Amino acid sequence: MPLDIFFSPAFLRQRGARCAGVGLLAVAAWAAALPAQALSAADQLAAYAAASGQAPQSARGQEFFNTKHGHEWSCASCHTATPTGEGKHASTGKLIRPMAPAANPERFTDAAKTEKWFRRNCNDVVGRECTPAEKADVLAWLLSFKN
């Protein structure tokens, strides 16, 4: 059934305005099922840089990536210090595709996935969510790699 039927005047008169709420829920569910808009890693870098209010620094990103931050792991513990190669999860042994977009063009093309993995991995490595500046720095460093 097309979603616009839920908002037609005839439907609202027949079913009452209460059903309009059902229509809104249907639209929300439909929108949530749409694939995330593909972005480039550069788009995401620009968004993180804007959110942080400062220019990203590749050197800071490399340092952040390779430092343990007082916890058991660094980013490099699983992703390796050379993000153009494959990594391996430190506890599960699961293979991890390269982090650098030059070696893995699918990396950083979905904003929701990027946020999900930054949130999880930053919690493991730093013990908190990373700041937009930290994300921008790491992404700037990862974008510095060329094939």
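The values are calculated or read from the model by the stated rules, or taken from the named source; none is laboratory data. Here the structure is a predicted model, which means the values were calculated and not measured. Quick reminder, even Gly has a Cβ in these numbers, built from the backbone with ideal geometry, and neighbours come from all protein chains shown.
Among the residues making up the stretch 81-104, those that are part of a loop (DSSP other than H, G, I, E, B) and over 16 Å from Ser144 (Cβ atoms) are Glu86, His89, Ala90, Ser91, Thr92, Gly93, Lys94, Arg97.
Among the residues of the stretch 77-89, which ones are surrounded by 14 or more Cβ atoms within 10 Å (Cβ to Cβ) and among the hydrophobic types (A, V, I, L, M, F, W, C)? Correct list: Cys78 only.
Results for (1) surrounded by fewer than 16 Cβ atoms within 10 Å (Cβ to Cβ); (2) over 15 Å from the mean Cα position of the chain (by Cα), shown as yes or no for each residue.
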position: Gln44; (1), (2): no, no
position: Ala47; (1), (2): no, no
position: Cys75; (1), (2): no, yes
position: Glu106; (1), (2): yes, no
position: Ala111; (1), (2): yes, no
position: Glu115; (1), (2): yes, no
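Of all residues in the stretch 24-41, one or more are modelled with pLDDT of 90 or more, part of a helix (DSSP H, G or I) and surrounded by 13 or more Cβ atoms within 10 Å (Cβ to Cβ).
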